[in-house]
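See below for the structure under consideration.
The values are calculated or read from the model by the stated rules, or taken from the named source; none is laboratory data. Predicted, not measured: the structure shown is a model, and the values here were computed from it. Cβ: placed from backbone, ideal geometry, glycine included. Neighbour counts: every protein chain shown. These area figures cover heavy atoms from the full protein model, side chains too; ligands, DNA and RNA do not enter into them. Shrake-Rupley method; radii C 1.70, N 1.55, O 1.52, S 1.80 Å.
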Amino acid sequence: MKQSVKLIAGNWKMNGLGASLGEVETLCAALADDRPACRVALCPPATLIERMVRRAGQGVEIGGQDCRAETHGAFTGDISAQMLKDAGATLVILGHSERRQGYGETDGLVSAKAGAALAAGLAPIVCVGETLQQREAGRAVEVVRSQVMASLPLALAGRDFAVAYEPVWAIGTGLTPTLTQIEEVHRAVRAAMIERLGLGIAATPILYGGSVKPDNAAEILAVPEVGGALVGGASLKAGDFLGIIRGA
Ligand code: 13P
């Protein structure tokens, strides 16, 4: 992932049925007519990956939203990185706060999953972000820095991946940090990435996520060190997602 080309990725979370694939067709038709200046990805529920890959064609990369660290075995309900790859995915979101908080995922587990994703040939998008309590206590930078240091396996050096900074309190709330706050954390994330993995990752994109909408995308994407966006709700409708892509 080169820094000059931003990555706009949509996280559909637990939304979308076969009937929603029309949105992807609309999106792809619009992108084919007017090629975007950025990379575009969609991460639907696992049930839609294969069908979405078939509809999306070349212009939109398709990813998973999580994977298990193990390659296979007696883990009812779980999905391996290899299975996502086999279904046609090229990337996978890991360590989203909804998984860190809802399933007790630790930095160590996220790191193991990122290693598994790399081994399967997927580009991980590793999520980090502070809670409102942590921000109000003045600990946002410290918390995010420690998540970056412990969630990125050394094997990521030189590989295709991204980090997504998603303040927990900005997800699905309509609230966003100020542009200055976004820049401050993104600079801290970059410094931690370099400390952990070396200067070779200077061009790896750091995405911002949390209430990105068509009307705030351009200003957020223009912040130094913001290399793209991870978009939840506004990625479900082709028109909204296109509005964000056009802001990149
Ligand atoms: P929203 O864009 O709905 O706030 O969600 C952000 C997110 O969690 C993307 O992973």
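Would you check which residues across the range 62-88 are open to solvent by less than 40 Å² (accessible area, probe 1.4 Å) and either more than 16 Å from the ligand (Cβ to nearest atom) or touching a residue at least 60 places away in the same chain (Cβ under 8 Å) (or both) and list them? Write out each step before concluding.
Taking the range 62-88 and keeping what is open to solvent by less than 40 Å² (accessible area, probe 1.4 Å), we get 62-64, 66-67, 69, 80-81, 84, 87-88.
Matches in the range 62-88: GLY63, ALA69, SER80, ALA81, LEU84, ALA87, GLY88.
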TODO: Output the helices (runs of 4 or more DSSP H) that fall wholly within the range 1-109 and possess 1 or more residues being at pLDDT below 95 and of a type in the set (Gly, Ala, Ser), or say none.
DONE: 21-33, 46-56
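Going through GLY10, GLY18, GLY59 one at a time, which residue ends up being under 27 Å from ILE244 (Cα atoms) and within 16 Å of the ligand (Cβ to nearest atom)?
So the residue among GLY10, GLY18, GLY59 that is under 27 Å from ILE244 (Cα atoms) and within 16 Å of the ligand (Cβ to nearest atom) is GLY10.
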- [ ] Determine whether the range 131-142 contains at least one residue that is open to solvent by 50 Å² or more (accessible area, probe 1.4 Å), at positive phi and either touching a Leu at 6+ places or on another chain (Cβ under 7 Å) or more than 15 Å from the ligand (Cβ to nearest atom) (or both).
- [x] yes
Open item on the list: Is it the case, given these coordinates, that ALA192 is touching a Lys or Arg at 6+ places or on another chain (Cβ under 6 Å), at pLDDT below 95 and either hydrophobic (A, V, I, L, M, F, W, C) or open to solvent by 10 Å² or more (accessible area, probe 1.4 Å) (or both)?
Closed with: no
Open item on the list: I want to confirm something. Restricting to the range 89-108 and keeping residues that are away from the ligand (no atom under 16 Å from the Cβ) and over 17 Å from the mean Cα position of the chain (by Cα), which single residue is most open to solvent (accessible area, probe 1.4 Å)?
Closed with: THR106
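A quick yes/no check of all residues on (1) in contact with a strand residue (DSSP E or B) (Cβ under 6 Å, 6 or more places away or on another chain); (2) more than 14 Å from the ligand (Cβ to nearest atom):
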| position | (1), (2) |
| --- | --- |
| VAL163 | yes, no |
| LEU179 | no, yes |
| GLU184 | no, yes |
| ALA192 | no, yes |
| ARG196 | no, yes |
| LEU199 | no, yes |
| SER211 | no, no |
| LEU236 | no, no |
- [ ] Only residues that are polar (S, T, N, Q) and either within 16 Å of the chain's Cα centre (by Cα) or open to solvent by 60 Å² or more (accessible area, probe 1.4 Å) (or both): list them for the range 154-182, please.
- [x] THR173, THR178, THR180
